[in-house]
1. For Ser145, Ser218, what ranking results if the residue with the fewest other Cβ atoms within 10 Å of its Cβ goes first?
2. Using a Förster distance of 22 angstrom, determine the FRET efficiency expected from the C-beta separation of Val283 and Ala313, and round it to 0.05.
3. Given 0.36 nm per residue, what is the gain on full extension from Ala219 to Asn51 after removing their alpha carbon distance, in nm?
4. If r is the Cβ-Cβ distance from Ala140 to Val185 and R0 is 22 Å, what FRET efficiency results, to the nearest 0.05?
5. In square nanometres, what is the average projected area of the Cα convex hull of region 68-331?
6. Each label point is 7 Å from the Cα along the Cα-to-Cβ direction; what then is the distance between the points at Arg162 and Thr9, in nm?
7. I need Met179, Met141 ordered by Cβ neighbour count within 10 Å, fewest first.
8. For region 253-308, state which trypsin sites (Lys or Arg not before Pro) are in a DSSP loop and have at most 11 other beta carbons lying within 10 Å of their beta carbon.
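Please treat every number below as a calculation from the coordinates, not as lab data. Please read all numbers here as calculations on a predicted model, not as lab measurements. Positions of Cβ are backbone-derived with ideal geometry, glycine not excepted, and every protein chain shown enters the neighbour counts.
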Amino acid sequence: MSEAALPTTVPCPDCGYDVPAAPYCVRCGEWLEDDLASHPTARRGFGAAPNESRFAPKLSTLFPQLPRNELDTFQLALGAGVAVVIALALGRLFPLALVAAAVLTPLLLILYLWEVDLYEDEPVHVIALTVAWGAVAGVAMGLLSKEIVDVDAGFVAERTGRTVVWLGIVLPLVGVILMLVGPLVLLPYRKFNDVLDGATFGAASAVAFVGAGLLTHSASYLGTGLRPVGDVVPWTVRVIALAVAIPVIAAGSVGGAAGSLWLKYRAPARDRNALGLLGNPAVAIPLAGALVVGAALIQLYTREWLQLALLVATSLLALLWLRHVIDVGLRQESAEIEIGPPVACANCGKATPRHTFCASCGVSLQALPKSTRPGRLALPPAGQEAS
């Protein structure tokens, strides 16, 4: 069934194309029904989850290429992991809680990449230059931080001007650069030409870096026994931040910065202003550095509950930034692609014209695991408009 053979079409108010009359535009994912009240967000939703607002910094941002049932499983796993971390801390098993906090988010992200099989043609290259690079760089940074400043498990023994300069500014900025190096090696490869690719590479590198760095500079503390001396409340608050807030800040910041590089140098020219200033690497990379430095200074200057609240607020900002980068990545491919015959949507199971978004549930067909996609849509060469 081609676009011409469809019984009715309607003009999309967002992209301007005539598209099949259905709940969602197959080209841009816009909600097409007259009654906006029946749409879950009363506006165009997030490309990977149209039932969610683009302005809601939800954890679905970290797993954008999963159907909803699998997304629920991953979010439950994250919640269960946080519960385990808290239980270990409350049981005064602080070293075990620290290890669990360090590996939780990186492990889930690796399982996610495996589950969606994003880069099945070159898995070794992609994993080595994102997750493995982040881990190696994190170990190097952890060793360096131990040599420069006396710090274990994220607790600073004494806050001095030297500590603030190194732990609060210099090392976080160096870390942002190191987290971006692995993804940048993949930037010239034409097969990795989506903004979503850049965001994924950056986020994967970042969480691996954070986890490996934490384990490395906390190595001496991990050898103090299962129940070292320490107050339960500060430790519990700290491991919650280390398990979720710190990795999310790194993933959102570095993923957003990497996405800006892909948007500028790999996306078609028509899409390069889609993020405004955030799509300019000269703005995005310093902003990523500012968020990571801000998180480091929060850890140095605030205590317990205030620290956790500020880190959570910062992580929500980083997550919202990454969410908009991913949304642009999911929408960038559709401008001049012809609408094809019906295919089954792996998310809702209904038939939808073959294009970029499902006409029934609005999910991006490019936001699904590659093994369930109806075929990857071709992009024009970088810097050229589709025709």
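1. Ser145, Ser218
2. Result of the calculation: an efficiency of 0.55.
3. Taking 0.36 nm per residue and subtracting the Cα distance, the gain is 56.1 nm.
4. Given R0 = 22 Å and the Cβ-Cβ separation, E is 0.85.
5. Details: hull surface 53.7 nm².
Convex hull of Cα atoms, orientation-averaged projection: 13.4 nm².
6. Spacing of the two 7 Å Cα→Cβ label points: 7.1 nm.
7. Least crowded to most crowded, the residues run Met141, Met179.
8. Those that pass, being in a loop and sparsely packed, are Arg303.
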